[in-house]
Amino acid sequence: MSRIGKKPVAPVGGVTVSVDGQTVTAKGPKGELSVELIDWVKPEMTDDGVVVTPYDDSREARSAWGMSRSLVQNIVDGVSKGFERKLVINGVGYRAQMQGSDLKLSLGFSHEVIFKAPDGIQLAAPTQTEIVVSGIDKQQVGQVAANIREFRPPEPYKGKGVRYENEHIYRKEGKKK
(Lines give C-alpha, C1' and ligand atoms only; values in the text may rest on other atoms or scores of the structure.)
Protein backbone atom coordinates (compact mmCIF):
# COMPACT_ATOMS: atom_id res chain seq x y z
CA MET A 1 0.00 0.00 0.00
CA SER A 2 1.23 3.48 -0.82
CA ARG A 3 1.70 5.62 2.25
CA ILE A 4 1.88 8.78 0.16
CA GLY A 5 -1.12 7.83 -1.99
CA LYS A 6 -3.36 7.28 1.04
CA LYS A 7 -3.12 10.93 2.13
CA PRO A 8 -5.63 13.31 0.57
CA VAL A 9 -4.32 16.51 -1.03
CA ALA A 10 -5.68 19.05 1.43
CA PRO A 11 -7.04 22.31 0.03
CA VAL A 12 -4.86 25.35 0.65
CA GLY A 13 -6.36 28.79 1.33
CA GLY A 14 -6.94 30.72 -1.88
CA VAL A 15 -6.60 27.65 -4.13
CA THR A 16 -9.54 26.03 -5.90
CA VAL A 17 -9.09 22.50 -7.18
CA SER A 18 -11.42 20.83 -9.68
CA VAL A 19 -11.48 17.28 -11.02
CA ASP A 20 -12.79 16.54 -14.50
CA GLY A 21 -12.31 12.89 -15.42
CA GLN A 22 -8.54 12.26 -15.27
CA THR A 23 -7.64 15.98 -15.33
CA VAL A 24 -7.02 17.83 -12.07
CA THR A 25 -6.87 21.63 -12.31
CA ALA A 26 -5.72 24.05 -9.60
CA LYS A 27 -6.23 27.83 -9.67
CA GLY A 28 -4.50 30.04 -7.16
CA PRO A 29 -2.89 33.43 -6.59
CA LYS A 30 0.18 32.58 -8.73
CA GLY A 31 -1.69 31.15 -11.71
CA GLU A 32 -3.35 28.01 -13.01
CA LEU A 33 -1.94 24.51 -13.55
CA SER A 34 -3.46 21.20 -14.56
CA VAL A 35 -2.23 17.64 -14.68
CA GLU A 36 -3.57 14.71 -16.68
CA LEU A 37 -3.35 11.54 -14.57
CA ILE A 38 -2.91 8.11 -16.13
CA ASP A 39 -5.80 5.66 -16.39
CA TRP A 40 -4.56 3.35 -13.61
CA VAL A 41 -5.63 5.82 -10.92
CA LYS A 42 -8.89 7.63 -10.20
CA PRO A 43 -8.92 11.18 -8.75
CA GLU A 44 -12.02 12.39 -6.91
CA MET A 45 -13.03 15.40 -4.83
CA THR A 46 -14.03 14.79 -1.22
CA ASP A 47 -14.48 16.98 1.85
CA ASP A 48 -10.81 16.34 2.80
CA GLY A 49 -9.53 17.41 -0.62
CA VAL A 50 -8.48 15.46 -3.69
CA VAL A 51 -8.16 11.72 -3.08
CA VAL A 52 -6.31 9.53 -5.58
CA THR A 53 -7.13 5.82 -5.56
CA PRO A 54 -5.88 2.97 -7.78
CA TYR A 55 -8.45 1.43 -10.13
CA ASP A 56 -7.55 -2.14 -9.16
CA ASP A 57 -4.95 -4.04 -7.18
CA SER A 58 -2.55 -4.51 -10.12
CA ARG A 59 1.13 -3.77 -9.77
CA GLU A 60 1.00 -0.90 -12.30
CA ALA A 61 -1.91 0.81 -10.56
CA ARG A 62 -0.26 0.59 -7.14
CA SER A 63 3.07 1.87 -8.49
CA ALA A 64 1.41 4.87 -10.16
CA TRP A 65 -0.74 5.70 -7.12
CA GLY A 66 1.79 7.61 -4.99
CA MET A 67 3.32 9.40 -7.97
CA SER A 68 -0.09 10.61 -9.16
CA ARG A 69 -0.90 11.97 -5.71
CA SER A 70 2.48 13.77 -5.66
CA LEU A 71 1.75 15.37 -9.04
CA VAL A 72 -1.54 16.74 -7.70
CA GLN A 73 0.21 18.03 -4.56
CA ASN A 74 2.87 19.74 -6.72
CA ILE A 75 0.31 21.70 -8.75
CA VAL A 76 -1.49 22.81 -5.57
CA ASP A 77 1.82 23.93 -4.00
CA GLY A 78 2.88 25.61 -7.25
CA VAL A 79 -0.17 27.84 -7.62
CA SER A 80 -0.09 28.78 -3.91
CA LYS A 81 3.63 29.20 -3.08
CA GLY A 82 5.63 28.46 -6.22
CA PHE A 83 8.99 26.67 -6.48
CA GLU A 84 12.58 27.84 -6.72
CA ARG A 85 16.01 26.33 -7.28
CA LYS A 86 19.23 28.10 -6.38
CA LEU A 87 22.48 27.64 -8.29
CA VAL A 88 25.96 28.67 -7.13
CA ILE A 89 28.87 29.50 -9.44
CA ASN A 90 32.44 28.65 -8.35
CA GLY A 91 35.55 29.64 -10.29
CA VAL A 92 37.86 32.57 -10.89
CA GLY A 93 36.19 34.93 -13.35
CA TYR A 94 32.96 32.93 -13.46
CA ARG A 95 29.95 35.19 -12.97
CA ALA A 96 26.28 35.67 -13.81
CA GLN A 97 24.31 38.83 -14.39
CA MET A 98 20.92 39.76 -15.72
CA GLN A 99 20.70 41.37 -19.15
CA GLY A 100 17.08 42.49 -19.33
CA SER A 101 15.12 39.28 -18.77
CA ASP A 102 17.98 37.08 -20.05
CA LEU A 103 20.78 35.59 -18.00
CA LYS A 104 24.34 36.38 -19.13
CA LEU A 105 26.93 33.85 -17.92
CA SER A 106 30.72 34.14 -18.01
CA LEU A 107 31.94 30.57 -17.53
CA GLY A 108 35.48 30.55 -18.90
CA PHE A 109 34.53 30.15 -22.54
CA SER A 110 35.74 32.47 -25.28
CA HIS A 111 32.21 33.88 -25.43
CA GLU A 112 29.43 34.89 -23.06
CA VAL A 113 26.55 32.41 -22.68
CA ILE A 114 23.13 34.08 -22.98
CA PHE A 115 20.25 32.04 -21.52
CA LYS A 116 16.68 33.09 -22.33
CA ALA A 117 14.08 32.13 -19.72
CA PRO A 118 11.14 30.11 -21.07
CA ASP A 119 7.56 31.24 -20.42
CA GLY A 120 6.50 30.81 -16.79
CA ILE A 121 10.06 30.94 -15.41
CA GLN A 122 11.69 33.91 -13.68
CA LEU A 123 15.46 34.16 -13.45
CA ALA A 124 17.34 36.33 -10.94
CA ALA A 125 21.00 36.89 -10.12
CA PRO A 126 21.11 38.50 -6.64
CA THR A 127 24.93 38.32 -6.62
CA GLN A 128 27.49 37.52 -9.31
CA THR A 129 27.83 33.95 -8.05
CA GLU A 130 24.17 33.09 -7.41
CA ILE A 131 21.30 32.28 -9.75
CA VAL A 132 17.68 31.82 -8.61
CA VAL A 133 15.25 29.99 -10.90
CA SER A 134 11.60 30.32 -9.84
CA GLY A 135 8.16 29.47 -11.22
CA ILE A 136 4.94 27.60 -10.51
CA ASP A 137 5.69 24.33 -12.38
CA LYS A 138 8.08 22.16 -10.34
CA GLN A 139 9.21 20.07 -13.31
CA GLN A 140 9.92 23.13 -15.46
CA VAL A 141 11.87 24.89 -12.67
CA GLY A 142 14.05 21.81 -12.19
CA GLN A 143 14.61 21.38 -15.92
CA VAL A 144 15.67 25.02 -16.43
CA ALA A 145 18.06 24.77 -13.46
CA ALA A 146 19.53 21.58 -14.96
CA ASN A 147 19.93 23.29 -18.35
CA ILE A 148 21.86 26.18 -16.76
CA ARG A 149 24.04 23.75 -14.77
CA GLU A 150 24.77 21.84 -17.98
CA PHE A 151 26.73 24.78 -19.46
CA ARG A 152 29.59 24.14 -16.98
CA PRO A 153 28.95 21.27 -14.54
CA PRO A 154 31.25 21.23 -11.48
CA GLU A 155 34.51 19.39 -11.99
CA PRO A 156 36.00 17.17 -9.26
CA TYR A 157 39.54 18.62 -9.03
CA LYS A 158 39.01 22.30 -8.21
CA GLY A 159 35.21 22.33 -7.88
CA LYS A 160 34.82 24.98 -10.60
CA GLY A 161 31.48 25.23 -12.37
CA VAL A 162 27.77 25.69 -11.75
CA ARG A 163 26.25 23.56 -8.99
CA TYR A 164 23.02 23.38 -7.06
CA GLU A 165 23.01 25.19 -3.70
CA ASN A 166 23.11 22.07 -1.49
CA GLU A 167 25.02 19.83 -3.91
CA HIS A 168 28.16 18.21 -2.57
CA ILE A 169 31.00 17.76 -5.06
CA TYR A 170 33.30 14.82 -4.39
CA ARG A 171 36.81 16.16 -4.79
CA LYS A 172 39.73 14.23 -6.26
CA GLU A 173 43.35 14.69 -5.25
CA GLY A 174 45.00 15.14 -8.64
CA LYS A 175 48.45 14.18 -9.91
CA LYS A 176 51.47 13.79 -7.68
CA LYS A 177 55.01 14.29 -8.81
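Counting only strands (runs of 3 or more DSSP E) that sit wholly inside the range 106-176, those with at least 2 residues that are under 21 Å from the mean Cα position of the chain (by Cα) and touching a residue at least 40 places away in the same chain (Cβ under 8 Å) are 130-135, 161-164. Residues in the range 41-55 that are charged (D, E, K, R), surrounded by 11 or more Cβ atoms within 10 Å (Cβ to Cβ) and part of a loop (DSSP other than H, G, I, E, B): ASP48 only. Restricting attention to the range 90-105, the residues being assigned to a loop (DSSP other than H, G, I, E, B), touching a residue at least 60 places away in the same chain (Cβ under 8 Å) and under 24 Å from the mean Cα position of the chain (by Cα) number 0. Against the list (1) modelled with pLDDT of 95 or more; (2) outside the structural domain of GLY21 (by TED's automatic domain parsing); (3) in contact with a strand residue (DSSP E or B) (Cβ under 7 Å, 6 or more places away or on another chain), the condition GLY93 fails is (1).
For (1) in contact with a Pro (Cβ under 8 Å, 6 or more places away or on another chain); (2) in the same structural domain as LYS158 (by TED's automatic domain parsing); (3) within 30 Å of ILE114 (Cβ to Cβ), each residue gets a yes or a no:
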site: VAL17; (1), (2), (3): yes, no, no
site: VAL24; (1), (2), (3): yes, no, no
site: LYS42; (1), (2), (3): yes, no, no
site: VAL52; (1), (2), (3): yes, no, no
site: GLU60; (1), (2), (3): no, no, no
site: GLN73; (1), (2), (3): no, no, no
site: ILE89; (1), (2), (3): no, yes, yes
site: SER101; (1), (2), (3): no, yes, yes
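Scanning the range 1-20 for residues that are out of contact with any Gly (no Cβ under 7 Å at 6 or more places or on another chain), within 18 Å of MET67 (Cβ to Cβ) and part of a loop (DSSP other than H, G, I, E, B) gives MET1, LYS7.
The values are calculated or read from the model by the stated rules, or taken from the named source; none is laboratory data. Because the structure is a prediction, the values reported are computed rather than measured. A quick note on method: Cβ atoms are made from the backbone with ideal geometry, for glycine too, and the neighbour counts reach across all protein chains shown.
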